[in-house]
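Worksheet: one structure, shown below.
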Amino acid sequence: MSSETVLAELRLTTRAEHDRIDNLLRLTEPMTLQRYGAIMCGFDAFLRVWEPRIHAALPERLQGWFRLRRRGGFASADVEWLRAVACVEPVPAAAHMAATLPLRDLADVMGSLYVIEGSALGGRVIAPQLRKSLGLDQGRGASYFHGFGGETGVMWANFRVLAALEVGESSRHVVRACNSARRTFAAMIDLFEPLVGASASRIEPAAAPAQVAPALLRAFAEDDPESTLPMPLDVAQLDLDAASVAPPERPTDVSSDAPDRALDTRG
């Protein structure tokens, strides 16, 4: 397997989970300030746990790279602004699954990073919506979704290159990265469902989503059964409508290989 396929496999394998969390959060739709506050409390709780664990799991040569792109401080600042200025009471949230995500090697770490790095792209759609519907902006409750502004696309392109290099051409490593990404999505879903699940619309399950190359899963299931089996999910898995999804060909631009929905937040 060529390293050029790593991002395509990650995108294909996580399509169902990405579709689920997009439907759960509905970040591009108008929402109340209270609902937005609950969502930001969720991101803040997740990143407070996840970012230190990722930093510790990375080799020293990559820790400086990661420190420059951490966005947890933005989420914490938004929660504080919403509390102090908009009088939105913080919603208690606990990132239990984020605290136990297996991060045993670089393949695991890159798979988990793929979810959060890709989510930054969604801010380019979400931030204008928040400005229009709630009057929020950078430094005014929406710093997390503003992120690094015009640098976001360049930073995503940088991550794509790094992920391909670090995961490499080993089929086993690609499978590990894909399953780590799925576990990370599952951890976020587990966190957000109690916060916003009651108001989220439900969609009937579609056809079973495509998985990472079945031959790879069969080949490495005996070596690593937990990381190659599908993650248990409480809610029916959803897939994108076939007519709305382009075939997973190698993209030619920076953003086409990223998560293609609002939480690429992969909004």
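Evaluating GLU80 against the criteria (1) surrounded by fewer than 18 Cβ atoms within 10 Å (Cβ to Cβ); (2) over 19 Å from the mean Cα position of the chain (by Cα); (3) farther than 21 Å from PHE148 by Cβ leaves one unmet condition, (3). Of the helices (runs of 4 or more DSSP H) entirely within region 66-159, those holding at least 1 residues that are under 24 Å from LEU195 (Cα atoms) and among the β-branched types (Val, Ile, Thr) occupy 72-84, 106-119, 123-134.
Let's see how each residue does on (1) within 24 Å of ASP190 (Cα to Cα); (2) surrounded by 17 or more Cβ atoms within 10 Å (Cβ to Cβ); (3) touching a helix residue (DSSP H, G or I) at 6+ places or on another chain (Cβ under 6 Å); (4) at pLDDT below 95:
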{"position": "PHE74", "(1), (2), (3), (4)": "yes, yes, yes, no"}
{"position": "THR100", "(1), (2), (3), (4)": "yes, no, no, no"}
{"position": "GLY122", "(1), (2), (3), (4)": "yes, yes, no, yes"}
{"position": "ASP137", "(1), (2), (3), (4)": "no, no, yes, no"}
{"position": "ALA142", "(1), (2), (3), (4)": "yes, yes, yes, no"}
{"position": "GLY149", "(1), (2), (3), (4)": "no, no, no, yes"}
{"position": "ALA164", "(1), (2), (3), (4)": "no, yes, yes, yes"}
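Residue pairs whose Cβ atoms lie under 9 Å apart, separated by 6 or more positions or on different chains, with the first residue in region 178-206 and within 30 Å of ALA164 (Cα to Cα) and the second at pLDDT below 95 and basic (Lys, Arg), do not occur. Scanning region 102-118 for residues that are surrounded by fewer than 22 Cβ atoms within 10 Å (Cβ to Cβ) and more than 18 Å from GLY168 (Cα to Cα) gives a single hit, PRO102.
For region 16-58, the set of residues classified as surrounded by fewer than 24 Cβ atoms within 10 Å (Cβ to Cβ) and basic (Lys, Arg) consists of ARG26, ARG35, ARG48, ARG53, listed by residue number.
The values are calculated or read from the model by the stated rules, or taken from the named source; none is laboratory data. This structure is a prediction, so every number in the text was calculated from the model and none was measured. Glycine gets a Cβ as well: all are built from the backbone with ideal geometry, and neighbour counts include every protein chain shown.
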